[in-house]
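This report refers to the structure that appears directly beneath it.
The values are calculated or read from the model by the stated rules, or taken from the named source; none is laboratory data. Because the structure is predicted, anything quoted here is derived from the model rather than measured. Cβ: placed from backbone, ideal geometry, glycine included. Neighbour counts: every protein chain shown. Ligands, DNA and RNA are stripped out before the accessible areas are found, and what is left, the full protein with its side chains, is counted by its heavy atoms. Shrake-Rupley method; radii C 1.70, N 1.55, O 1.52, S 1.80 Å.
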Amino acid sequence: MLRNLLSIIALSTLPAVAQIQERIEYRWLNQPCGEMLNCNTGCSACNIPSSTDGTFFGTNAAFIGVDVCPLPLAAGDNGVFTVGWDLQPSNAKSLILSGISVSPMRIDSIRFRHYTTSGGPDRLKVMYTSNVAMAPSELIDIEIPSSLSDHTAIDLGCVAPPEGNPLGTFQLRFMPYGSTTGAWVIDEVVIVGSHCEASSVGVAELAQYRSASNGPWVDLLGRPMGTQPSPGVYVAQGKRIRVVE
């Protein structure tokens, strides 16, 4: 009981930080919009992503060097069937998604749902950059599933406007490979971000937090720990928590 009470007292002295997450969603729904994907043998899909906030948004998807055809996966929900990929990943054949932020944003996660058809590409390389002025680096290189499956990448760091520029930019490049026949199907991509200065932290990140006090330190049961405690969580003057590395 005492331990729980002391923990609550110590934690309550930390600044309250609310994490507000924003989303960019590429879903290629069968609904009219300003840019539609169409093909003779399929149907139509909106190629404009939705966003929860006007300060963090995506640009229209760019399918480079391949043929695309939206086909229904569920009522009102299309997948984009893409054909014409290569045996090796190539920038000349890729799907590019770009995002823009007017304030520093942490990319918390990127989730995409996809699969390969019979005879289609069997691997997918995804490249990422948090600044489109810089070359992207490999994010993942995975086997493509044969049925609709989700893959998620997390903690991609902050996207911040460079000096002299009001906008921060990031970019994803999807490059399926391994076959020149069959189709790679992308159903949706969801990008979740939060403001860098407002992201919540776990105990590991509290290592960056430092109290102005140099001690004396006590543990959460009130026992004195001296001026140089071993690694752990302690309370100093002012009831602030310190994580010692």
(request) Could you pull the accessible area for residue 150 with a 1.4 Å probe, rounded to 10 Å²? (result) 70
(message) Whole angstrom only: what separates the Cα centroid of segment 17-48 from the Cα centroid of segment 115-131?
(response) 19
(message) I'd like the GluC sites (Glu not before Pro) in segment 11-102 restricted to DSSP loop residues with at most 11 other Cβ atoms within 10 Å, sorted by number.
(response) 35
(request) For 24, 64, write out the residues from largest to smallest accessible area, computed with a 1.4 angstrom probe and no ligands counted. (result) 64, 24
